[in-house]
Amino acid sequence: MIDLSAERRRRLTHRAVPALAALALISGAAGMVVGAGTSSAAERTAQSFTQAWERQDYRAMYALLDDASRRAYSASEFRRAYRDTAATATVRRVDAGEPGGEHGDAVTVPIVLHTRVFGRVRGELNLPVKSERVTWGPLLAFPGLRPGEGLSRRSVPARRATLLSRDGKVLARGQVDNRTSPLEAIVGSIAGTLAPEETEEERRALYAQGFPRDWPVGQNGLEEAFESRLAGRPGGELLTGRRVLARARARRSEPVRTTIDSRLQEAAVIALAGRFGGVAALDPRNGEIRALAGIAFSAPQPPGSTFKIVTTAAALEAGAVKPSTEFPVASAATIDGVELENANGEYCGGTFRNSFAHSCNSVFAPLGVEIGAAALVDAAERFGWNGEPTVPGEVSSTLPPAAEIRTPLEVASTAIGQFRTLATPLQMASVAQTIAARGVRRLPTLSLGDATRSERVVKRRIARTIESLMLDVVAYGTGTAAALPGVKVAGKTGTAELEDTRDPETGETKPSDPSNTDAWFAAYAPAGHPKIAVAVMLVRAGAGGATAAPAARVVLDAAL
């Protein structure tokens with residue numbers, strides 16, 4: 001135990017008193033500094049208001065207004081004032097600084113507006129605050145506005161960029177009111193048109209990007225797909241009353257080079273031959289789109305028997321068939337008391353290989369029932385059905401969820417590409433591309449050189465089996481009209497009925513009517529070393545093997 005003498009304790013206490021006094025002085029000074037930095041109630045209100053502005057939380061801003069301001073301006077009028085000024089100035093983001101002190105009944109807050117067209121626009125917001133409430137008027141929707149002033153803009157759009165094919169040919173050039181091309185024979189099928197936006201919402205969005213509200217933009221084709229790159233960055237002047245607050249020069253974009261091959265595009269136009277339908281061609285190695293003609297990606301139709309590629313993939317995965325599996329030779333399959341006939345009521349069947357080559361509904365309809373709706377939908381969605389569009393302007397290919405394919409007849413009809421199954425030529429070209437690439441789907445793209453996303457859809461061995469079946473279609477089956485000398489073409493025909501062919505009174509099937517069917521053909525070549533995948537759809541044009549396959553042959557031949 002340590003024992004201190006009374007004298008020593010007295011000396012230590014005596015020395016500690018000045019130190020404690022000094023510490024008290026330091027603490028008091030710190031408190032004075034902290035107290036001096038405390039913001040006022042008005043400054044805190046101003047900060048809450050401008051921080052809500054940063055978040056575009058107009059409800060929170062409006063809640064801070066005084067009663068008189070709320071009586072004068074409704075919440076929708078308040079919100080519209082901020083949205084209108086943001087659109088005029090092309091504001092992307094608001095940064096509010098620390099309140100700079102009170103000046104009478106107003107608190108000054110520095111504001112930086114980050115805009116699409118004019119860069120950073122700086123200003124001071126003098127915010128009237130009294131009793132922790134903001135007295136608001138429309139001048140406060142933009143910093144620096146004076147009484148009698150409004151915010152306005154003079155827009156100067158850039159000259160539209162030139163649109164090029166993959167091989168450097170001009171597809172469109174010139175300003176929006178005079179787009180021209182030396183390739184007049186093909187540009188109408190792919191370049192697209194320009195026109196002002198139709199809806200008020202679309203026009204408002206265009207204005208917020210810095211363009212006049214009625215400025216023509218791409219409405220379809222490549223002009224729509226590459227709108228943001230072709231339009232460039234607009235310039236102009238930002239005005240507060242007569243004062244010029246900011247200026248910017250319009251910036252024209254570099255020429256946009258697409259994946260379209262002008263030679264193949266011409267072949268697609270020739271193949272379509274003025275008929276209502278669509279043609280799509282892809283590079284199987286990377287998913288780049290080489291040609292799009294007609295309604296190639298904008299008007300999905302029942303794909304008919306081309307969908308049997310998907311059904312076959314699902315059946316092979318389920319172990320339900322092998323190429324050598326035997327099936328009865330028949331002219332139709334009866335599902336739920338309804339006959340689903342083969343084309344023209346012909347008899348076919350035998351091995352699964354032969355059934356695929358001759359597109360036997362009598363085999364595929366009951367096979368679809370066997371594997372079930374869930375397996376069919378799962379396989380289709382992996383191939384791209386019900387997915388997000390991969391190309392601007394594309395309309396998705398769809399089929400119902402499995403829960404909505406309820407009856408055996410609905411399942412059987414789905415398996416042969418009917419019921420509510422819809423596809424575009426671009427989708428069916430993508431299916432052919434997937435098989436050509438040994439089961440790997442490369443999402444279609446129009447942007448030259450862009451790395452496209454790849455997804456494995458089926459195993460390599462299944463893709464190889466389907467390829468061998470598709471080769472038979474062209475070698476001796478329904479697709480012989482697509483054959484090319486010395487080239488291994490893998491394909492699948494489709495003939496999709498558009499209306500019920502049964503007589504409503506007797507229930508018997510009516511005679512075949514070519515105007516009641518869409519003709520389809522999906523293919524790629526050369527098998528083993530594919531260079532092109534193509535799909536053709538001709539609306540109300542008869543059988544796929546008779547009309548679509550010869551059209552596809554034109555594009556295949558041009559590519560090879």
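The values are calculated or read from the model by the stated rules, or taken from the named source; none is laboratory data. None of these values were measured; they are calculated from a predicted model. Here Cβ is always computed from backbone atoms with ideal geometry, including for glycine, and neighbour counts include all displayed protein chains. All accessible areas refer to the heavy atoms of the entire protein, side chains included, with ligands and DNA or RNA removed. Shrake-Rupley method; radii C 1.70, N 1.55, O 1.52, S 1.80 Å.
Summary of values
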| read-out | value |
| --- | --- |
| Summed residue charge, Cβ within 12 Å of ASP95's Cβ, Lys/Arg positive, Asp/Glu negative | +3 |
| Solvent-accessible area, 1.4 Å probe, carbon plus sulfur percent, for region 192-341 | 48 |
| Pairwise centroid distance, computed over Cα atoms, of region 392-425 with region 360-374, Å | 14 |
| With every protein chain in place, region 360-450: carbon and sulfur % of accessible area (1.4 Å) | 51 |
| FRET efficiency, GLN219 to ALA185 (Cβ-Cβ, R0 25 Å, nearest 0.05) | 0.70 |
| CD proxy at 222 nm, helix term only [per DSSP H run n ≥ 4: -39500 (n - 2.57); per residue of the chain; nearest 500] | -10500 deg cm²/dmol |
| Cross-link partners of LYS169 among aspartates and glutamates (Cα-Cα below 20 Å; sequence separation of 8 or more within a chain) | GLU184, GLU223, GLU224, GLU227, GLU254, ASP261, GLU266, ASP283, GLU288, ASP450 |
| Ordering of 550-557, 46-53, 248-255, 306-313 by burial proxy (mean other Cβ atoms within 10 Å per residue, highest first) | 306-313, 550-557, 46-53, 248-255 |
| Per residue solvent-accessible surface (Å²) - region 201-339, probe of 1.4 Å | 42 |
| DSSP beta bridge pairing in the chain, given as percent antiparallel to the nearest 5 | 95 |
| Whether region 393-496 is rounded, prolate or oblate, judged on the alpha carbon gyration tensor where a/c under 1.5 counts as rounded | oblate |
| Förster radius 41 Å - calculated FRET efficiency between ALA41 and SER152, Cβ distance, rounded to 0.05 | 0.70 |
| Theoretical FRET efficiency, 1/(1+(r/R0)^6), r = Cβ-Cβ of VAL329 and GLU388, R0 60 Å, to 0.05 | 0.90 |
